[in-house]
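A quick write-up on the structure given underneath.
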Amino acid sequence: MRVLLFSLLSFVIFSAQKCENPNQLTEESYITIRKTPCFGKCPTYEFTINGVGEATFKGEMNVKKKGNYTKTFTEKQTLALFNAYKEADFYSFEDEYLQPDLMDLPYTYLTLNHMGKKKTITLYYQYPDALNNLAKLTESFALSEDWTAKDNM
(Lines give C-alpha, C1' and ligand atoms only; values in the text may rest on other atoms or scores of the structure.)
Protein backbone atom coordinates (compact mmCIF):
# COMPACT_ATOMS: atom_id res chain seq x y z
CA MET A 1 0.00 0.00 0.00
CA ARG A 2 2.84 2.41 0.84
CA VAL A 3 4.53 1.68 -2.47
CA LEU A 4 1.32 2.44 -4.36
CA LEU A 5 0.79 5.65 -2.40
CA PHE A 6 4.41 6.71 -2.94
CA SER A 7 4.16 5.96 -6.67
CA LEU A 8 0.94 7.95 -6.99
CA LEU A 9 2.39 10.88 -5.05
CA SER A 10 5.55 10.85 -7.19
CA PHE A 11 3.45 10.87 -10.36
CA VAL A 12 1.40 13.84 -9.15
CA ILE A 13 4.50 15.82 -8.18
CA PHE A 14 6.28 15.20 -11.49
CA SER A 15 3.12 15.89 -13.48
CA ALA A 16 2.56 19.16 -11.64
CA GLN A 17 6.08 20.32 -12.48
CA LYS A 18 5.48 19.68 -16.18
CA CYS A 19 2.25 21.68 -16.11
CA GLU A 20 3.92 24.80 -14.72
CA ASN A 21 5.47 25.55 -18.10
CA PRO A 22 3.54 23.59 -20.73
CA ASN A 23 5.48 25.21 -23.55
CA GLN A 24 8.82 24.44 -21.88
CA LEU A 25 10.04 27.96 -22.56
CA THR A 26 13.59 28.65 -21.41
CA GLU A 27 16.31 31.21 -22.00
CA GLU A 28 17.42 29.04 -24.94
CA SER A 29 14.04 29.41 -26.68
CA TYR A 30 13.80 32.55 -28.78
CA ILE A 31 11.98 34.38 -31.55
CA THR A 32 13.72 36.88 -33.79
CA ILE A 33 12.49 39.29 -36.44
CA ARG A 34 15.00 41.05 -38.66
CA LYS A 35 13.95 43.72 -41.16
CA THR A 36 16.32 44.80 -43.93
CA PRO A 37 16.61 48.19 -45.67
CA CYS A 38 15.07 49.21 -48.97
CA PHE A 39 15.68 52.19 -51.26
CA GLY A 40 13.08 54.18 -49.30
CA LYS A 41 12.44 54.62 -45.59
CA CYS A 42 11.90 51.01 -44.51
CA PRO A 43 12.50 50.34 -40.82
CA THR A 44 15.70 48.36 -40.34
CA TYR A 45 16.19 46.55 -37.07
CA GLU A 46 16.56 43.24 -35.27
CA PHE A 47 14.46 42.15 -32.31
CA THR A 48 14.90 38.99 -30.23
CA ILE A 49 12.89 37.71 -27.28
CA ASN A 50 13.78 34.60 -25.33
CA GLY A 51 11.45 32.23 -23.53
CA VAL A 52 11.66 34.08 -20.23
CA GLY A 53 10.74 37.45 -21.76
CA GLU A 54 14.20 39.02 -22.00
CA ALA A 55 14.33 41.01 -25.23
CA THR A 56 16.89 42.95 -27.24
CA PHE A 57 16.34 45.51 -29.97
CA LYS A 58 18.98 46.81 -32.34
CA GLY A 59 17.67 49.74 -34.36
CA GLU A 60 19.61 50.71 -37.46
CA MET A 61 17.58 53.00 -39.75
CA ASN A 62 14.14 54.59 -39.93
CA VAL A 63 13.15 53.59 -36.39
CA LYS A 64 12.60 55.69 -33.25
CA LYS A 65 15.13 53.66 -31.28
CA LYS A 66 18.57 53.60 -32.91
CA GLY A 67 21.22 51.52 -31.23
CA ASN A 68 20.90 48.73 -28.66
CA TYR A 69 18.03 48.39 -26.19
CA THR A 70 16.75 45.84 -23.70
CA LYS A 71 13.36 45.13 -22.18
CA THR A 72 11.69 42.36 -20.20
CA PHE A 73 8.20 41.30 -21.23
CA THR A 74 5.77 39.66 -18.82
CA GLU A 75 5.31 35.89 -18.76
CA LYS A 76 1.81 36.35 -20.18
CA GLN A 77 3.07 38.45 -23.10
CA THR A 78 5.92 36.04 -23.81
CA LEU A 79 3.65 32.99 -23.73
CA ALA A 80 1.17 34.74 -26.03
CA LEU A 81 3.86 35.37 -28.64
CA PHE A 82 5.31 31.85 -28.49
CA ASN A 83 1.80 30.36 -28.56
CA ALA A 84 0.99 32.35 -31.70
CA TYR A 85 3.96 30.71 -33.43
CA LYS A 86 2.86 27.31 -32.15
CA GLU A 87 -0.76 27.79 -33.25
CA ALA A 88 0.35 28.94 -36.71
CA ASP A 89 2.47 25.76 -37.00
CA PHE A 90 5.53 27.85 -37.87
CA TYR A 91 7.77 24.88 -38.66
CA SER A 92 5.41 23.70 -41.42
CA PHE A 93 5.89 26.76 -43.67
CA GLU A 94 8.31 26.97 -46.57
CA ASP A 95 11.76 28.39 -45.82
CA GLU A 96 11.40 31.36 -48.16
CA TYR A 97 8.85 33.35 -50.10
CA LEU A 98 10.75 35.19 -52.82
CA GLN A 99 10.04 36.92 -56.14
CA PRO A 100 13.27 37.48 -58.10
CA ASP A 101 11.67 39.96 -60.55
CA LEU A 102 10.80 42.48 -57.84
CA MET A 103 13.24 45.05 -56.53
CA ASP A 104 13.31 47.29 -53.49
CA LEU A 105 11.10 45.38 -51.11
CA PRO A 106 12.60 44.86 -47.67
CA TYR A 107 13.25 41.34 -46.50
CA THR A 108 11.78 40.14 -43.23
CA TYR A 109 13.36 37.18 -41.51
CA LEU A 110 11.42 35.35 -38.80
CA THR A 111 13.25 32.80 -36.65
CA LEU A 112 11.88 30.42 -34.06
CA ASN A 113 14.22 28.36 -31.90
CA HIS A 114 12.35 26.12 -29.48
CA MET A 115 12.80 22.67 -27.99
CA GLY A 116 15.81 21.81 -30.14
CA LYS A 117 14.24 22.94 -33.43
CA LYS A 118 15.29 26.11 -35.23
CA LYS A 119 13.82 27.55 -38.39
CA THR A 120 14.25 30.85 -40.22
CA ILE A 121 11.75 31.93 -42.85
CA THR A 122 12.48 34.64 -45.42
CA LEU A 123 9.48 36.83 -46.24
CA TYR A 124 9.72 38.94 -49.35
CA TYR A 125 6.64 38.53 -51.54
CA GLN A 126 3.31 36.65 -51.51
CA TYR A 127 3.68 34.81 -48.25
CA PRO A 128 0.74 33.33 -46.33
CA ASP A 129 -1.46 35.56 -44.17
CA ALA A 130 -0.53 33.49 -41.12
CA LEU A 131 3.14 34.50 -41.55
CA ASN A 132 2.17 38.12 -42.15
CA ASN A 133 0.18 38.04 -38.89
CA LEU A 134 3.16 36.56 -37.02
CA ALA A 135 5.44 39.23 -38.46
CA LYS A 136 3.04 42.01 -37.42
CA LEU A 137 2.60 40.56 -33.94
CA THR A 138 6.36 40.21 -33.46
CA GLU A 139 6.87 43.71 -34.84
CA SER A 140 4.39 45.06 -32.28
CA PHE A 141 6.65 43.70 -29.53
CA ALA A 142 9.73 45.16 -31.21
CA LEU A 143 8.25 48.62 -31.68
CA SER A 144 6.63 48.81 -28.23
CA GLU A 145 7.50 51.49 -25.68
CA ASP A 146 9.57 51.51 -22.47
CA TRP A 147 12.90 50.12 -23.65
CA THR A 148 16.17 50.74 -21.82
CA ALA A 149 19.12 51.99 -23.86
CA LYS A 150 22.20 49.82 -23.60
CA ASP A 151 25.70 50.93 -24.57
CA ASN A 152 24.51 53.49 -27.14
CA MET A 153 26.88 56.16 -28.26
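Annotations for the structure displayed:
- Estimated Rh, segment 85-153: Kirkwood, alpha-carbon pairs, angstrom: 13.8 Å
- Legend: calculated FRET efficiency, residue 130 to residue 102, from the Cβ-Cβ distance at R0 = 25 Å, rounded to 0.05, equals 0.70.
- Near residue 54, the amide H atoms lying under 5 Å from its own belong to 73; only residues 5 or more places off or on other chains count, and H is placed 1.01 Å from N.
- What segment 70-128 shows is 62 Å² of accessible area per residue, with the surface traced by a 1.4 Å probe over protein heavy atoms.
- Portion, in percent, of the accessible area of segment 27-136 that falls on carbon or sulfur, probe 1.4 Å: 49 percent
- Shape class of segment 46-137 from the Cα gyration tensor (axes a ≥ b ≥ c, square roots of the eigenvalues): oblate, since a/c reaches 1.5 or more and a/b does not exceed b/c.
- Virtual paramagnetic centre 7 Å along Cα→Cβ of residue 28, amide N under 11 Å, in segment 108-132: 114-117
- Computed accessible area, residue 101, all protein chains, 1.4 angstrom probe, square angstrom: 130 Å²
The values are calculated or read from the model by the stated rules, or taken from the named source; none is laboratory data. Note that the structure is a prediction, hence the values are computed from the model and not measured. Cβ sites come from the backbone with ideal geometry, for glycine too, and all protein chains shown count toward neighbours. Surface areas here come from the heavy atoms of the whole protein model, side chains and all, with no ligands, DNA or RNA. Shrake-Rupley method; radii C 1.70, N 1.55, O 1.52, S 1.80 Å.
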